[in-house]
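Have a look at this one.
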Amino acid sequence: MAVHGVGLLTRLPLCVQRRSRVQRPILRLFSCPGTVAADPRREEQPSGSAETGSEDKTPKKRFSEVQKERREQAQRTVLIHCPNKISEKKFLKYLSQHGPINNHFFYESYGLYAVVEFCQKESVDSLQNGTHTPSMSTEAVIPFRSRYFNLKLKNPSNQASEQSCIQCSNQLPPSSKKVFELLRCAESIDDQLNSLLKEFQLTEENTKLRYLTCSLVEDIAAAYFPDCTVRPFGSSVNTFGKLGCDLDMFLDLDEIGKLSAVKTAGNFLMEFQVKNVPSERIATQKILSVIGECLDHFGPGCVGVQKILNARCPLVRFSHQASGFQCDLTTNNRIALKSSELLYIYGALDSRVRALVFSVRCWARAHSLTSSIPGAWITNFSLTMIVIFFLQRRSPPILPTLDSLKNLAGAEDKCIIEGNNCTFIRDLNRIKPSGNTETLELLLKEFFEYFGNFAFNKNSINIRQGKEQNKPDSSPLYIQNPFETSLNISKNVSQSQLQKFVDLARESAWILQQEGKDRPSASSNQPWGLAALLLPSIANGMALAKKKGKKPANETVKNLLESLKSNSAENSTNTNRKRTTSP
């Protein structure tokens, strides 16, 4: 079940570090649910991405290689619900009877849990063979042989004195107070963006738990469809996921027929006897309906199962209580996985990409531009596309267009899904890095300036070509789907929400422009940099001005930006020199 972060932030204490500022009360900034976070004493590195702030010279793994490794890890991993009072040393010694342990970690979610990865898959079989089904005096038990176990102490009183202090991975995202403390104490806006990324990105433990949850669901689906695969996609694997994001997964049945398609000699061809239905959609609905029933009735820890079969993309939604994830299960959603791979590549090409995306998303969330509730809001996926498009428009470009990635592709990269050309190069090491050296501070400021003056009324956003194009319809915001090119991924966004985005972008650009001229001193009580942009007072002030009939805030800010640009034109060369760094 999702656990929500702190919604109210009181006055912060003075920071004792070099950049000391007092923060004023801040309301409702981050309301993302919590999942497993890494031990704060360890270095946090998301899977498959370079360390933020430096360029990784080591060969980068392909998306498919990362997926394969994670899946193999999950298959030899078990999830154990443990007693609150337990000796970690004895616990590991007990499990080692079944084989050597590669690694493990503990976390809390409706009790104490352990995620244990064995070195061999056979150790899991050994543990299952030594486990018995519990007996209930008043209720009947549905026997199910899973990798989700419950551990009990035979003599709790004897072990109480021997229990050790177990270090648990924090399951919550950082509180608003902690985030603002970090932003307040940073030395630069670049440091602020990198600190925000480090605090909100998925940790190693969290990523392992996501793949394990998919593997546990796969065990259930395999009862009906042997050799099927349940794959995570979206934020869980594209390196843009934050702590608390939902777990999207799809049931991949395409490999079942391929596994048994072995050529045999002779004049005969053997096929499976199967049932036929009128359409692919009906087949999807029937499959998901059955899997939903299995999860509801037989899946340990799966609660709140909803079968949403009449949606454009039918799905089963449920909560995995042990991991705390809200899960959405679809079937054969291969285009979504391809989109995840594309974002993985963009996130790995340049260390600034993820830092900028996380900060823009956080800024949007702080001002209610995005929401966890479906509606007329901009989605995080749309925001990510907007940032990628902006980085393609830099001079020189920081990210390549999708068409250029397609041109680099070889024969092994060719991919056609449902008639859509999803071809692009998959080997990161064959993509030439950008020569652009702009700082995150400059990119953040110019991002807001660019979209504060973007002609949304006539132009669309297209990452395939990386240039503005005329909108094919009258939607307020038109962002072309990178693969299903006839679709608009932001069709749900209303005119009022788009205008709010533009107004906030202009005012945020103005705030950063002002700070560029006269940054608050260390003794000032005012927030600065990214922290100033996250204050909800910006949007409130604009709404209040409109109610009182004052001049629209967006026009005021636009005029201020133009005047600031003209005044600083003479110093632009020196300013840009200060804001660039070597690769």
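The values are calculated or read from the model by the stated rules, or taken from the named source; none is laboratory data. Here the structure is a predicted model, which is why all the values come from computation and not from measurement. Cβ sites come from the backbone with ideal geometry, for glycine too, and all protein chains shown count toward neighbours. The area values use the complete protein model at the heavy-atom level, side chains included, leaving out ligands, DNA and RNA. Shrake-Rupley method; radii C 1.70, N 1.55, O 1.52, S 1.80 Å.
Would you be able to say whether some residue in the range 247-260 is part of a helix (DSSP H, G or I), modelled with pLDDT of 95 or more and touching a strand residue (DSSP E or B) at 6+ places or on another chain (Cβ under 7 Å)?
no
Checking the condition farther than 15 Å from Ile388 by Cα and open to solvent by 60 Å² or more (accessible area, probe 1.4 Å), which residue from Glu412, Glu449, Glu441 passes?
Glu412
Which residues, taken from the range 392-409, are in contact (Cβ under 8 Å) with a residue 24 or more places away in the chain, surrounded by fewer than 16 Cβ atoms within 10 Å (Cβ to Cβ) and part of a helix (DSSP H, G or I)?
The answer is Asp403, and nothing else.
Give Phe381, Phe389 a once-over and let me know the one that is closer than 16 Å to Gln480 by Cβ and open to solvent by 20 Å² or more (accessible area, probe 1.4 Å).
Just one listed residue meets the conditions, Phe381.
Only one of (1) in a loop (DSSP other than H, G, I, E, B); (2) in contact with a Pro (Cβ under 7 Å, 6 or more places away or on another chain) fails for Asn429. Which number is that?
(1)
Can you pull out the residues in the range 472-486 that are touching a Ser or Thr at 6+ places or on another chain (Cβ under 6 Å) and either open to solvent by 40 Å² or more (accessible area, probe 1.4 Å) or in contact (Cβ under 8 Å) with a residue 60 or more places away in the chain (or both)?
Of everything in the range 472-486, those that are touching a Ser or Thr at 6+ places or on another chain (Cβ under 6 Å) and either open to solvent by 40 Å² or more (accessible area, probe 1.4 Å) or in contact (Cβ under 8 Å) with a residue 60 or more places away in the chain (or both) turn out to be Leu477, Ile479.
Return yes or no: is Leu342 in contact with an Asp or Glu (Cβ under 9 Å, 6 or more places away or on another chain) and among the hydrophobic types (A, V, I, L, M, F, W, C)?
So Leu342 does not fit the description; no.
Residue-by-condition table, conditions (1) in contact with a helix residue (DSSP H, G or I) (Cβ under 9 Å, 6 or more places away or on another chain); (2) in contact (Cβ under 8 Å) with a residue 24 or more places away in the chain; (3) open to solvent by 50 Å² or more (accessible area, probe 1.4 Å):
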| position | (1), (2), (3) |
| --- | --- |
| Thr58 | no, no, yes |
| Ala74 | yes, yes, no |
| Val78 | yes, yes, no |
| Lys90 | yes, yes, yes |
| Ile101 | yes, no, no |
| Phe105 | yes, yes, no |
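Also: Of everything in the range 432-453, what is among the hydroxyl-bearing types (Ser, Thr, Tyr) and part of a helix (DSSP H, G or I)? Give them in sequence order.
Within the range 432-453, just Tyr450 meets the criteria.
Let me ask something additional. So, of the residues in the range 487-518 that are acidic (Asp, Glu) and in a helix (DSSP H, G or I), which turns out to be surrounded by the most Cβ atoms within 10 Å (Cβ to Cβ)?
Checking each candidate, the answer is Glu507.
Just checking, which of Thr213, Thr203 is open to solvent by less than 60 Å² (accessible area, probe 1.4 Å) and in contact with a helix residue (DSSP H, G or I) (Cβ under 9 Å, 6 or more places away or on another chain)?
Thr213
Could you list all residues from the range 309-365 that are among the aliphatic types (A, V, I, L, M) and either open to solvent by 10 Å² or more (accessible area, probe 1.4 Å) or touching a Cys at 6+ places or on another chain (Cβ under 6 Å) (or both)?
Scanning the range 309-365 gives Leu309, Ala311, Leu315, Ile335, Ala336, Leu337, Leu349.
Spot the failing condition for Val277; the list is (1) more than 30 Å from Leu79 (Cα to Cα); (2) in contact (Cβ under 8 Å) with a residue 12 or more places away in the chain; (3) in contact with a helix residue (DSSP H, G or I) (Cβ under 6 Å, 6 or more places away or on another chain), and only one is missed.
So Val277 meets the others, but not (2).
Here's a follow-up. Output the residue which, of all residues in the range 353-370 that are of a type in the set (A, V, I, L, M) and part of a helix (DSSP H, G or I), is nearest to Leu443 (Cα to Cα).
Leu356
Report, by residue number, each residue of the range 114-135 that is open to solvent by 10 Å² or more (accessible area, probe 1.4 Å) and either free of Cβ contacts under 8 Å to residues at least 40 places away in the same chain or within 18 Å of Thr213 (Cα to Cα) (or both).
Residues satisfying the conditions are Lys121, Glu122, Asp125, Ser126, Gln128, Asn129, Gly130, Thr131, His132, Thr133, Pro134, Ser135.
Moving to a separate point now. In the range 234-254, how many residues are of a type in the set (Phe, Trp, Tyr) and surrounded by 24 or more Cβ atoms within 10 Å (Cβ to Cβ)?
So the answer is 1.
So which pairs qualify, if the first residue must be in the range 285-305 and under 19 Å from Thr213 (Cβ atoms) and open to solvent by 20 Å² or more (accessible area, probe 1.4 Å), the second must be in a helix (DSSP H, G or I) and among the polar types (S, T, N, Q), the Cβ gap must be under 8 Å, and the two must be at least 6 apart or on different chains?
Taking only residues 6 or more apart or on different chains, not a single pair turns up.
With Ile461, Ile417 as the choices, which residue is surrounded by 13 or more Cβ atoms within 10 Å (Cβ to Cβ) and farther than 30 Å from Glu515 by Cα?
Sole residue among the options that is surrounded by 13 or more Cβ atoms within 10 Å (Cβ to Cβ) and farther than 30 Å from Glu515 by Cα: Ile417.
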